[in-house]
Structure formats: C-alpha cells, structure tokens
Amino acid sequence: MKCIFCSNNESKVVDSRYLKDTSIRRRRECLRCGKRFTTYETVETNPMVVTNVDNVREPFKTEKLAESIRYATYCVDSGASVDNIVDKIESRLLSLQKQEISTKDIVKIALDVLIEVSNMACLVYYIQHTDCDNFDGVRRFINR
Ligand SMILES: [Zn+2]
C-alpha cells in the first residue's frame, strides 16, 4: 500500500477494524516518513472462495483467519502484531491470484509466515489446523 505522503511502498498495520465480513479498515504507518493513513480494503471485487477438506466452499473471511492467528500467537511475545501477520498472509494469498483456494493452501502460507514470527506460534497453529493428534507429526514437522 503506497504512502499518500511520500509514495513509499512499505507500511505497517497499526490497527484493523472489521466493518463487515468482507471489509476492513486498516490504520497504517509509513515505514519511511512515519505518517499514518487509513485504508479501506474489501475483497468484494475479487472474492476468494475457500474449499475445505470436505469440499465445502465458503467465502474467504479475514476475521476468521485473524481469529486463528490471534489464538496461535496468544501466549507468544513475538513482537509482531496479529494485524501485521494477517496482512502478510492475506497478501500472499491474493498474490496467488486464484479464485478458489483450499484451506490447506491457507495453512501452508500461514505456517510459512508464522515460522518467521515464532516457532511456538507456528506449532500451535499447526496442531490447531491439521489432523496431527500425536507427537510424531509434530516431530516430523519440527525436523522438516
Ligand atoms: Zn510516507
């Protein structure tokens, strides 16, 4: 998102509000000039459809993703805000330019982003989103 003051491309999210299921108001701070501006983002123009393991399709919901990231990072002092993590995952998903995306894709990308934040958060998310119910799965994951 380009800064409206200095045209810099890099900004961080300092606050997010979910207005509807498909719309988000984000308060951003420019990483170069430090000024703040607000963006309204909506996925209505290009709604991603999520297919889960049972082949049930539903519209992608940022709030749902944010909830699982909040959960995974709850006890972790990562220094990265939930909003920024969600923003990163979402832009990675959008850059795939797919209309339809599987929950598996989302989990993969989320893990990839989370591992840079905290191993613990990554592990919590992994256990929460896979059918891993034993330590072998966790060990395989750690050793991959
Ligand atoms: Zn700026």
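The values are calculated or read from the model by the stated rules, or taken from the named source; none is laboratory data. Everything numeric here is computed off the predicted structure, so don't read it as measured data. Quick reminder, even Gly has a Cβ in these numbers, built from the backbone with ideal geometry, and neighbours come from all protein chains shown.
Some observations on this one:
- Scanning region 84-106 for residues that are touching a residue at least 60 places away in the same chain (Cβ under 8 Å) and among the hydrophobic types (A, V, I, L, M, F, W, C) turns up just one, V86.
- Residue ID - farthest from the ligand (Cβ to nearest atom), chosen from residues in region 1-17 that are among the polar types (S, T, N, Q) and part of a loop (DSSP other than H, G, I, E, B): N9
- Checklist (1) out of contact with any strand residue (DSSP E or B) (no Cβ under 8 Å at 6 or more places or on another chain); (2) at pLDDT below 85 applied to E44, failing item: (1)
- Cβ-Cβ contacts under 7 Å between residues 6 or more apart (or on different chains), taken from a first residue in region 114-128 that is assigned by TED's automatic domain parsing to the domain that holds K104 and within 11 Å of S68 (Cα to Cα) to a second residue that is of a type outside the set (A, V, I, L, M, F, W, C) and surrounded by 15 or more Cβ atoms within 10 Å (Cβ to Cβ), are listed as A121/T73; A121/S78; Y125/S68; Q128/S68.
- The single residue among I101, I89, I109 that is under 22 Å from Q128 (Cβ atoms), assigned to a strand (DSSP E or B), touching a Leu at 6+ places or on another chain (Cβ under 9 Å) and assigned by TED's automatic domain parsing to the domain that holds I127 turns out to be I101.
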